[in-house]
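Asks: Pasting a structure below so you can have a look.
The values are calculated or read from the model by the stated rules, or taken from the named source; none is laboratory data. Treat the numbers as computed from the prediction; the structure is a model and nothing was measured. Positions of Cβ are generated from backbone atoms using ideal geometry, with glycine treated the same way; all protein chains shown enter the neighbour counts. We work out accessible area using only protein heavy atoms, side chains counted, and drop any ligands, DNA or RNA first. Shrake-Rupley method; radii C 1.70, N 1.55, O 1.52, S 1.80 Å.
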Amino acid sequence: MGDFTYLLISGLSLGSLYALMALGLVIVYGILRLVNFAYGEYIMVAGYTLFLLSPSPLPWLVMAVVAAVMAAVMSYLTERIAFRPVREKSLTAMLITSFAVSTLLQNAALLFVSPRARVVPTPGIFSETVIIAGNVTPVREILAIVVSVALLIGFSILLRKTILGIALRAAADKFTMTRMLGVPANLVISAAFVISGLLAGIVAIFWLGRTGSVTPGIGLTPLLVAFVSTVIGGMRSLSGAVVGGYVLAFVTIIFNNLLPGDLYEFREAFIFTIVILILLFRPEGLVRGRG
Amino acid sequence: MLRLDDLHAQYGAIVALRGVSLEVNEGELVALVGVNGAGKTTLLSTVAGVMRPRRGDIVFEGEPIAGLTPETVVRKGIALVPEDREIFSDLTVEENLRLGAYIRRGRGEYGADIDRMCELFPILRERFRQDAGTLSGGEQQQLAIARALMSHPRLLMLDEPSLGLAPKIVDQVFALIEQLHRDGMTILLVEQNVTRSLAIADRAYLLNMGTVQASGTPADLRQDVDMESIYLGGGD
Ligand SMILES: Nc1ncnc2c1ncn2[C@@H]1O[C@H](COP(=O)(O)OP(=O)(O)OP(=O)(O)O)[C@@H](O)[C@H]1O
Ligand SMILES: [Mg+2]
């Protein structure tokens, strides 16, 4: 029972972050069919913002909000400056642009900060623990679950109740038709990038809180996780991204904890075997519809 | 109201329109007929701003609109019901209609407009909160037209609204187009169903290989042209 509760909380906590990462990637993909390789760098931007703010007397929560907003601003700016000019050209041009943006941002961090890890401030509550069903559980994990679920609910209300949300869903389905009804292309695309960046920024707070540091290459793992989650869940669906995130997290947690010692080092091979098996039986991902 | 002058359009190397000139006057129902691949859809897409013309003018209510984006064209008062309806299938019927009224946000007429659409298309009231993807073909066509009307267009362009519908539903669709026309709507109608569209049109154009081959009243057109070729080519 104790083991089960432990796995459940770890899985939900990691899954919540994976789900948000995947959602941030797929919201842009849904509209532009672009896998934004610079997505992980928005997490890096949030991290360095926290690092730069750490000497300031601001309360941690304010720093965290500023960091998340900076990720959203960076996402918005990359769309305006890098993606918009090549949008009409081709999808390949956009993909290459996203590689370029990713490399550029990483190199900027290398050059202007340092190739070495930098400490980011974490609040005291992140290192506290509580006992749940006999297990020592980090409060950070509980917070990650609560914040993510609240965000997912808020996001789904936005998508269903506001005209912008309805337009975003419509644009992910039939972009040209959405424009023919008067919804400006630039508006939905900007909105998608802002939401994407904001999700990355919020994930960053918890993701970086695990190690308490940021490096120029920090974005790679979140990008991969987000990508694999959307592939598992179905690239064409927002709910699929969320499902994929939780599935990937639970598979990971289960292998991390249950594989015997001598197989442990092959755990990624096991995880990807499961992913391949899922895709063999459901090539379009677990969630087929859009929504 | 709408005037096309020497309009050229192409997809890469494939030329689809080679100098089309035509006119739609206020209150008219103009039919645009022609075989598969004649360029009818291309013509409507170009007017709607989905495609950029290669050359030539599009003038709507005295204003040049060639090359504007789709989101701008609809604000000028032109709505297109596209060939494959392009219903948002994961959105509810209501959400589809709400997006149709996107350019009329803040006018406070949304409720009245919805009531008007539900009167015109009673099935939409029944299916109001259902996903649009669950509607039958005929119902989806009604929703597509209702969605276009929600923007209060002054020119309504319909691309093959009867395509793929059961004969009984086709009757309904043509009856509806006639009714909209009687109520004063200006309509540019593209149809494979030549007989029926000529029967309700004020004037018609015959498009062939991207040019206007004949034009005039439906009677003129029936006389001038060997309609046989269109029927044979037109399929359906
Ligand atoms: N997306 C496209 N890419 C390349 N060529 C196209 C494309 N769409 C249409 N064409 C070509 O342009 C020409 C005109 O096509 P268009 O769809 O406008 O004809 P249409 O009169 O609407 O035909 P239909 O009755 O089949 O709907 C055709 O030769 C067609 O093959
Ligand atoms: Mg066509």
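Asks: Using a probe radius of 1.4 Å on heavy atoms only, what accessible surface per residue do you get for the protein assembly as shown? Whole Å² is fine.
Replies: Spelled out: the 1.4 Å probe surface of the protein assembly as shown, per residue, equals 43 Å².
Asks: With r defined as the distance between the Cβ atoms of residue B:18 and residue A:127 and R0 fixed at 56 Å, what FRET efficiency is calculated, to the nearest 0.05?
Replies: Details: r = 73 Å, r/R0 = 1.30.
For residue B:18 and residue A:127, the calculated efficiency is 0.15.
Asks: Residue B:6: accessible area at probe 1.4 Å, nearest 10 Å²?
Replies: Probe radius 1.4 Å; accessible area of residue B:6 about 60 Å².
Asks: What fraction of the DSSP beta bridges in the protein assembly as shown is antiparallel, stated in percent and rounded to the nearest 5?
Replies: Of the beta bridges lying entirely in the protein assembly as shown, close to 60 percent run antiparallel.
Asks: Considering only DSSP states other than H, G, I, E and B, which trypsin sites (Lys or Arg not before Pro) in region A:27-125 qualify as loop sites with at most 11 other Cβ atoms within 10 Å?
Replies: Qualifying residues, ordered by number: A:89, A:116.
Asks: Would you please classify the overall shape of chain A from the alpha carbon gyration tensor, given that a ≥ b ≥ c denote the square roots of the eigenvalues, rounded means a/c under 1.5, and beyond that prolate means a/b larger than b/c while oblate covers the rest?
Replies: On the way: a/c = 1.57, a/b = 1.21, b/c = 1.30.
Since a/c reaches 1.5 but b/c is at least a/b, the shape of chain A is classed as oblate.
Asks: Label residue B:220 and residue A:210 with points 7 Å out from Cα along Cα→Cβ: what is the distance between them in nm?
Replies: 7.4
Asks: Follow-up. Quick one, can you get me the convex hull of the C-alpha atoms of chain B expressed as volume per residue in Å³?
Replies: Expressed per residue, the convex hull around the Cα atoms of chain B is 121 Å³.
Asks: Between chains B and A, what is the buried accessible area in Å², counting both sides, with a 1.4 Å probe and ligands, DNA and RNA left out, to the nearest 100? Write down the numbers at each step before the final one.
Replies: Working: alone 11070 and 13910 Å², together 22920 Å².
Chains B and A together bury roughly 2100 Å² of accessible area.
Asks: Counting partner chain Cβ atoms within 10 Å of every residue's Cβ in A:166-176, what's the average?
Replies: That works out to 5 on average.
Asks: Here is a follow-up. Shielding of B:99-111 by partners, i.e. mean partner chain Cβ atoms within 10 Å per residue? Don't skip to the end; give the middle numbers.
Replies: On the way: counts 11, 2, 3, 9, 3, 1, 2, 0, 0, 0, 0, 0, 0.
The mean count of partner-chain Cβ atoms within 10 Å per residue comes to 2.
Asks: To continue, here is another question. Whenever you get a sec, compute what percent of the accessible area on region A:147-291 sits on carbon and sulfur atoms (1.4 Å probe).
Replies: 71
Asks: Also: Is the shape of region A:48-185 best called rounded, prolate or oblate, per the rule: a/c under 1.5 gives rounded, else a/b larger than b/c gives prolate, else oblate, with a ≥ b ≥ c the square roots of the Cα gyration tensor eigenvalues?
Replies: On the way: a/c = 2.55, a/b = 1.36, b/c = 1.87.
It comes out oblate by the Cα gyration axes.
Asks: Another question about this same structure. Give the ranking of A:136, A:188, A:194 by solvent-accessible surface, highest area first, calculated with a 1.4 Å probe. Don't skip to the answer; put the middle values down first.
Replies: Values: A:136 95, A:188 0, A:194 55 Å².
Ranked from most to least accessible, the order is A:136, A:194, A:188.
Asks: For A:60, A:207, give the ranking by accessible area with the largest first, probe 1.4 Å.
Replies: Largest accessible area first, the list is A:60, A:207.
Asks: Also, quick follow-up: Which lysines have a Cα lying under 29 Å from the Cα of residue B:76, excluding residues fewer than 8 positions away in the same chain?
Replies: Output for residue B:76: A:89, A:161, A:174, B:40.
Asks: Run the accessible area of region B:87-152 with a 1.4 Å probe and give the carbon-and-sulfur part as a rounded percent.
Replies: That share works out to 43 percent.
Asks: May I pose another question? Please compute, for peptide B:81-87, the average count of beta-carbon atoms on other protein chains lying within 10 Å of each residue's beta-carbon.
Replies: Partner Cβ neighbours, averaged per residue: 3.
Asks: For chain A, what is the mean residue ellipticity at 222 nm derived from helices alone (per DSSP H run of n ≥ 4: -39500 (n - 2.57); sum divided by total residues; nearest 500 deg cm²/dmol)? If you can, show how the numbers build up before the last one.
Replies: Values: 12 runs with 208 residues, N = 291.
Calculated mean residue ellipticity at 222 nm is -24000 deg cm²/dmol.
Asks: If you count only protein heavy atoms and use a 1.4 Å probe, how large is the accessible surface of residue A:37, to the nearest 10 Å²?
Replies: Using a 1.4 Å probe on the heavy atoms, I get roughly 60 Å².
Asks: Still on this model: How charged is the neighbourhood of residue B:85? Take every other residue with its Cβ under 12 Å from the Cβ of residue B:85, and add Lys/Arg as +1 and Asp/Glu as -1. If you can, show how the numbers build up before the last one.
Replies: On the way: positive: A:174, B:147; negative: B:83, B:84, B:86, B:139, B:159, B:160.
It works out to a net charge of -4.
Asks: In a shell of Cβ-Cβ distance under 11 Å around residue B:114, excluding residue B:114 itself, what net charge do Lys and Arg (+1) and Asp and Glu (-1) give?
Replies: -2
Asks: How high is the FRET efficiency between residue B:211 and residue A:110 when r is their beta carbon distance and R₀ equals 51 Å, given to the nearest 0.05?
Replies: Details: r = 60 Å, r/R0 = 1.18.
For residue B:211 and residue A:110, the calculated efficiency is 0.25.
Asks: Any chance you could look up the accessible area of residue A:6 with a 1.4 Å probe, heavy atoms only, rounded to 10 Å²?
Replies: Solvent-accessible area, nearest 10 Å²: 90 Å².
Asks: For residue A:176 paired with residue B:54, estimate the spin-label separation in nm (one decimal), with each label point 7 Å from Cα along the Cα-to-Cβ line.
Replies: Distance between label points: 1.8 nm.
Asks: Of A:265, B:83, which has the most accessible area with a 1.4 Å probe, and how do the rest follow in descending order?
Replies: A:265, B:83
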